[in-house]
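Only one structure is covered here, and it is reproduced in the block below.
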Amino acid sequence: EHIKLSFEKTLNFVSKEEIFKFKEESQKHLTALQKGTGKGNDYVGWVDLPSQITEEELNDIEATALSLKEKVEVLVVIGIGGSYLGAKAVNDALAHSFDQLNTGDENPLVLYAGQNISEDYLFELLDILKDLDFGICVISKSGTTTEPAISFRLLKELLEENVGKEEARERIIAITDASKGALRTLAVQEGYKTFVIPDDVGGRFSVLTPVGLLPIAVAGHDIKELVKGAKSMQEYSSATAFEENPALLYAATRNALYAKGKGIEILANYNPKLHYVAEWWKQLYGESEGKENKGIFPASVDFTSDLHSMGQYIQEGQRTIFETVISIAKPNHTVTIPKDKDNLDGLNFLAGRRIDAVNKMAELGTQLAHVDGGVPNLRIEMPQLNEFYLGELIYFFEIACGVSGYILDVNPFDQPGVEAYKSNMFALLEKPGFEEETKKIKEKL
Ligand code: PA5
């Protein structure tokens, strides 16, 4: 069984011919990704990651996770963008919803830093960490990103103060480029255990490297199953004809909708554990496709919560959106609605039924309403929320993203636009080397 894609509920808006028109092109793009012959081909190392990663590499990650688990009750993962969202997405999807309380989980609590520059966030993080046994996993491909560098400087200092420099060394893991960047230099100098982010894998495609796998293993999840799921989707998407191929059909359908003026895609879930899967997906698609004045704008909602807020817009606002729903077929737990003798809330008609049965009818009712309201709907069904199907989902979205970006005729693997804010920030902060930019920007203020 694999994750499934249905596009039938888009067919009031685009014809099957308009979707299938991309058949040959998408197959050609898939081959270009696999052979490394398309745009940005220096960065397609992720295509083969699931089948290339060795048992030995996975064992090394697991062994490192185990030694950290023995030492620390909290692991702070420091990173931003692609060096953060994949781990956060998988860990949140698999964690107990209330694991910040004591839920009996013996694995360290994974916290995150370096994904913002909020003084209050960092103050409060340092404040709780001063009394805890913690470790640090610092992740940066370039090794020079400002946000994680600031957080690392603060947390390293606190850790060394708490446990001494020697022990701190044992509790810090660095994941970075094999040879370049300030973080590599620091790691070598301090003698930290390190993992390498391969040169040909960009940040947003790096969740199946140690970048994602180490924090996921520390949180107690089965990284071998995750990789197995990704490999299953790698093989399936490579061997399956367009008509049945979820990744190619997803890439084709969203481009057919885009051609019809649907410029916004909303990824919707009915399980809040998927909130960060959507954040990861937004980076993947937004950063890969949003360039050269083109691209579908990726947005996300958590249903049914957001049906009570954004639901209004989706139902009746500008008709420029389509929706992709991730639905989990089978929940991991069972809760039934109790009977109440007074029935003052009028809910006895649901007594004895599963909560998930109500959730599924909310989903179906919403899909029908949104389609009637002019919002085409795609639906991705995951059989269950576990490591294996998350692995499938990750690979499905990645490979579809590569194909979709090629259909759009952009280089899906660069991100020139993210430099603009950095250069302004450095100019404003008067970073050495930015004297010209500082002068120019001051004139604008
Ligand atoms: O996808 C990307 O390339 C970016 O989001 C990066 O992952 C992000 O900017 C962090 O970069 P680095 O890992 O070099 O610190």
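Matching residues to (1) outside any strand (DSSP E or B); (2) over 14 Å from V74 (Cα atoms); (3) not β-branched (V, I, T):
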| residue | (1), (2), (3) |
| --- | --- |
| T103 | yes, yes, no |
| L111 | no, no, yes |
| Y121 | yes, yes, yes |
| D131 | yes, no, yes |
Matching option when the condition is part of a helix (DSSP H, G or I) and either out of contact with any Gly (no Cβ under 6 Å at 6 or more places or on another chain) or free of Cβ contacts under 8 Å to residues at least 24 places away in the same chain (or both), among E381, E437:
E437
State whether one or more residues within the stretch 176-191 are away from the ligand (no atom under 16 Å from the Cβ), under 15 Å from V77 (Cα atoms) and surrounded by fewer than 18 Cβ atoms within 10 Å (Cβ to Cβ).
no
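Is it the case that some residue within the stretch 199-212 is part of a helix (DSSP H, G or I), β-branched (V, I, T), under 30 Å from W280 (Cα atoms) and within 11 Å of the ligand (Cβ to nearest atom)?
Within the stretch 199-212, one or more residues are part of a helix (DSSP H, G or I), β-branched (V, I, T), under 30 Å from W280 (Cα atoms) and within 11 Å of the ligand (Cβ to nearest atom).
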Given the structure, is S300 farther than 23 Å from F413 by Cα, within 21 Å of the chain's Cα centre (by Cα) and hydroxyl-bearing (S, T, Y)?
no
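For V77, indicate whether it is within 15 Å of the ligand (Cβ to nearest atom) and either at positive phi or among the β-branched types (V, I, T) (or both). Before you say what the answer is, go through the steps one by one.
Values: within 15 Å of the ligand (Cβ to nearest atom): yes; either at positive phi or among the β-branched types (V, I, T) (or both): yes.
Yes; evaluated as a whole, the condition is true for this residue.
Could you tell me whether G202 is on the phi > 0 side of the Ramachandran plot and modelled with pLDDT of 95 or more? Full working, then the answer.
Values: on the phi > 0 side of the Ramachandran plot: no; modelled with pLDDT of 95 or more: yes.
Taking the combined requirement at face value, the residue does not satisfy it.
Restricting the stretch 99-145 to residues that are of a type in the set (F, W, Y) and either farther than 22 Å from G191 by Cα or surrounded by fewer than 22 Cβ atoms within 10 Å (Cβ to Cβ) (or both), which is nearest to the chain's Cα centre (by Cα)? Walk me through how you get there before you give the answer.
Of the stretch 99-145, the ones of a type in the set (F, W, Y) are 112, 121, 123, 134.
Now restrict to residues that are either farther than 22 Å from G191 by Cα or surrounded by fewer than 22 Cβ atoms within 10 Å (Cβ to Cβ) (or both): 112, 121, 123.
Values: Y112: 14, Y121: 22, F123: 26 Å.
Looking at residues that are of a type in the set (F, W, Y) and either farther than 22 Å from G191 by Cα or surrounded by fewer than 22 Cβ atoms within 10 Å (Cβ to Cβ) (or both), I get Y112.
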Breaking point among (1) within 20 Å of the chain's Cα centre (by Cα); (2) within 16 Å of the ligand (Cβ to nearest atom); (3) more than 15 Å from N91 (Cβ to Cβ), for P215:
(3)
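When the residues of the stretch 151-174 are filtered to those that are free of Cβ contacts under 8 Å to residues at least 60 places away in the same chain and not in a helix (DSSP H, G or I), which remaining residue is farthest from the ligand (Cβ to nearest atom)?
Just the residues of the stretch 151-174 that are free of Cβ contacts under 8 Å to residues at least 60 places away in the same chain, to begin with: 153-154, 156-169, 172, 174.
Now narrow it down to the ones that are not in a helix (DSSP H, G or I): 172, 174.
Values: I172: 16, A174: 12 Å.
Ranking the qualifying residues of the stretch 151-174, first place goes to I172.
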Give all pairs with beta carbons closer than 9 Å in which a residue from the stretch 65-91 that is more than 21 Å from I117 (Cβ to Cβ) and of a type in the set (S, T, N, Q) meets a residue that is outside any helix (DSSP H, G or I) and within 16 Å of the ligand (Cβ to nearest atom); count only pairs at least 6 apart in sequence or on separate chains.
N91/V77
Going through A93, A113, A87 one at a time, which residue ends up being in contact with a Leu (Cβ under 7 Å, 6 or more places away or on another chain), closer than 20 Å to H221 by Cβ and of a type in the set (G, A, S)?
A93
Of the residues E419, E398, which is within 16 Å of the ligand (Cβ to nearest atom), surrounded by fewer than 17 Cβ atoms within 10 Å (Cβ to Cβ) and in a helix (DSSP H, G or I)?
E419
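A quick yes/no check of all residues on (1) more than 21 Å from the chain's Cα centre (by Cα); (2) more than 16 Å from the ligand (Cβ to nearest atom); (3) of a type in the set (F, W, Y):
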position	(1), (2), (3)
G405	no, no, no
F413	no, no, yes
S423	yes, no, no
E435	yes, yes, no
E443	yes, yes, no
The stretch 279-291, residues that are in contact (Cβ under 8 Å) with a residue 40 or more places away in the chain and either within 11 Å of the ligand (Cβ to nearest atom) or assigned to a helix (DSSP H, G or I) (or both)
E279, W280, W281, Q283, L284, Y285, E287, S288, E289
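Does any residue of the stretch 77-95 turn out to be among the charged types (D, E, K, R), in a loop (DSSP other than H, G, I, E, B), under 26 Å from A400 (Cβ atoms) and at pLDDT 95 or above?
Of the stretch 77-95, the ones among the charged types (D, E, K, R) are 88, 92.
In the following step, the residues that additionally are in a loop (DSSP other than H, G, I, E, B) were identified as none.
No, the stretch 77-95 contains no residue that is among the charged types (D, E, K, R), in a loop (DSSP other than H, G, I, E, B), under 26 Å from A400 (Cβ atoms) and at pLDDT 95 or above.
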Can you list residue pairs whose Cβ atoms sit under 9 Å apart, with the first residue in the stretch 130-146 being closer than 10 Å to D177 by Cα and the second being assigned to a strand (DSSP E or B) and away from the ligand (no atom under 15 Å from the Cβ)? Count only pairs 6 or more apart in sequence or on different chains.
none
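The values are calculated or read from the model by the stated rules, or taken from the named source; none is laboratory data. Just so it is clear, the model here is predicted, and its values are computed rather than measured. Virtual Cβ from ideal backbone geometry, glycine too; neighbours counted across all protein chains shown.
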